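The values are calculated or read from the model by the stated rules, or taken from the named source; none is laboratory data. Computed from a predicted structure; not experimentally measured. Methodologically, a virtual Cβ is constructed for each residue, glycine included, from the backbone with ideal geometry; neighbour enumeration extends over all protein chains shown. In case anyone asks, the SASA skips ligands and DNA or RNA and just uses the protein heavy atoms, side chains included. Shrake-Rupley method; radii C 1.70, N 1.55, O 1.52, S 1.80 Å.
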Amino acid sequence: MNFLLHRHFAAGAFASDVAGVGAMLPDVWRMADRRVRAVAGVSASEDAALDELREGVAHHLAADARFHRAPAFLRGERAVAEAITSAEVTAPRARLFAHVLWELCLDGELLRRVGL
């Protein structure tokens, strides 16, 4: 759910605000319906804006595929899960929120550093 990081990096990579919005869509879709999964490799169209949006979606998927396996990401996610446990949160399966909470922390750090 790190919308801002995805937007920031895709908009920069493609010099396109539309691609930045596209990079946020996979997480928005998952919030709307957990069964929805974005896919890469959608054919190019004759609409430049639609193609930029598609590039943003593909950027998101590629970034997540790399980033979610990165040791730094996994350490941060584990630390958040441990913080949830040590806070004695009694909600069932509360540790499942560690991934989302860590991504939100990363968005917060981007805001702190870049001032978006």
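Odds and ends about this structure:
- When Met31 is tested against (1) in contact (Cβ under 8 Å) with a residue 12 or more places away in the chain; (2) surrounded by 13 or more Cβ atoms within 10 Å (Cβ to Cβ); (3) under 17 Å from Leu104 (Cα atoms), exactly one condition is not met: (2).
- Restricting attention to segment 43-55, the residues that are surrounded by 14 or more Cβ atoms within 10 Å (Cβ to Cβ) and either outside any helix (DSSP H, G or I) or not charged (D, E, K, R) (or both) add up to 2.
- Selection over segment 59-99 of residues that are over 26 Å from Ala15 (Cβ atoms), of a type in the set (Gly, Ala, Ser) and touching a Phe, Trp or Tyr at 6+ places or on another chain (Cβ under 7 Å) gives a count of 1.
- Residue under evaluation Ala15, criteria (1) modelled with pLDDT of 95 or more; (2) open to solvent by 70 Å² or more (accessible area, probe 1.4 Å); (3) under 20 Å from Val100 (Cβ atoms), criterion not met: (3)
Per-residue answers, yes or no, for (1) of a type in the set (A, V, I, L, M, F, W, C); (2) touching a Pro at 6+ places or on another chain (Cβ under 9 Å); (3) part of a helix (DSSP H, G or I):
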| position | (1), (2), (3) |
| --- | --- |
| Arg7 | no, no, yes |
| Ala19 | yes, no, yes |
| Leu25 | yes, no, yes |
| Met31 | yes, no, yes |
| Ala40 | yes, no, no |
| Val57 | yes, yes, yes |
| Glu77 | no, no, yes |
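- Among (1) within 19 Å of Cys105 (Cβ to Cβ); (2) surrounded by 18 or more Cβ atoms within 10 Å (Cβ to Cβ); (3) not β-branched (Val, Ile, Thr), the one test that His59 misses: (1)
- In the set Ala62, Ala40, Ala15, Ala23, only one residue is closer than 21 Å to Arg113 by Cα, within 17 Å of the chain's Cα centre (by Cα) and not β-branched (Val, Ile, Thr); that residue is Ala23.
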